[in-house]
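Contents: one structure, followed by commentary.
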Amino acid sequence: MNGYTKTKVALSILMIVSLVLVYIFLLDYHSDDKDINTDIVKGQITFKLYDEFDVIIIDDVLDYYDNDSLYTILQRNYQVVCANQFYQRDETCSYRFINGYVILEIESVVSNWYQTVLTLYINGVRANYGVSLVDFKDGDLVEFKRTIYDE
């Protein structure tokens, strides 16, 4: 192996290791759903849950605290069922995907992930991220609607 090839291999390995570390630290930092300080209320969100007929099942105002994610707010206030690594029901929410939790059920509104999903909206706009990564602020309207998978 000549010097040029050794340099390319070394740089490739360094880049791969760097990308993996950045990926792990950024996702892990931004989506930590466990370390919640619940001393002082940071703000409130309005939470609405709709069934498949657009009937409001839940219409609440919920407090949130420093480092709260939407997942921790939901888990603290409602009966939530997550997906496991095979997208099957996991009432303990013990499996966390690389981008956070996948919610299959909130209270009586149930999805199966294959035909129906719980679609998340923030202030009337469909969210680009899930319950562990979505950004929200004081006064936001957070809605979940049970929808057909293709919608």
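The values are calculated or read from the model by the stated rules, or taken from the named source; none is laboratory data. Just so you know, these numbers come straight off a predicted model, no measurement behind them. A quick note on method: Cβ atoms are made from the backbone with ideal geometry, for glycine too, and the neighbour counts reach across all protein chains shown.
Some values worked out for this structure:
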| read-out | value |
| --- | --- |
| Set Phe144, Phe136: member being under 30 Å from Asp39 (Cα atoms) and in a strand (DSSP E or B) | Phe144 |
| Sole exception among (1) touching a Leu at 6+ places or on another chain (Cβ under 9 Å); (2) closer than 17 Å to Ile148 by Cα; (3) exposed (fewer than 13 other Cβ atoms within 10 Å of the Cβ) for Ser111, by number | (3) |
| Filter result for Asp150 (touching a residue at least 24 places away in the same chain (Cβ under 8 Å) and in a loop (DSSP other than H, G, I, E, B)) | no |
| Yes/no for Tyr121 being touching a residue at least 24 places away in the same chain (Cβ under 8 Å) and under 14 Å from the mean Cα position of the chain (by Cα) | yes |
| Hey, Val41 within 21 Å of Phe136 (Cα to Cα), modelled with pLDDT under 95, aliphatic (A, V, I, L, M) and in contact with a strand residue (DSSP E or B) (Cβ under 6 Å, 6 or more places away or on another chain) or not | yes |
| Residue match in the stretch 92-102 (condition: outside any loop (DSSP other than H, G, I, E, B) and in contact with a Leu (Cβ under 7 Å, 6 or more places away or on another chain)) | yes |
| Considering residues of the stretch 38-62 that are touching a Leu at 6+ places or on another chain (Cβ under 6 Å) and under 18 Å from Asn123 (Cβ atoms) only, the residue surrounded by the fewest Cβ atoms within 10 Å (Cβ to Cβ) | Thr46 |
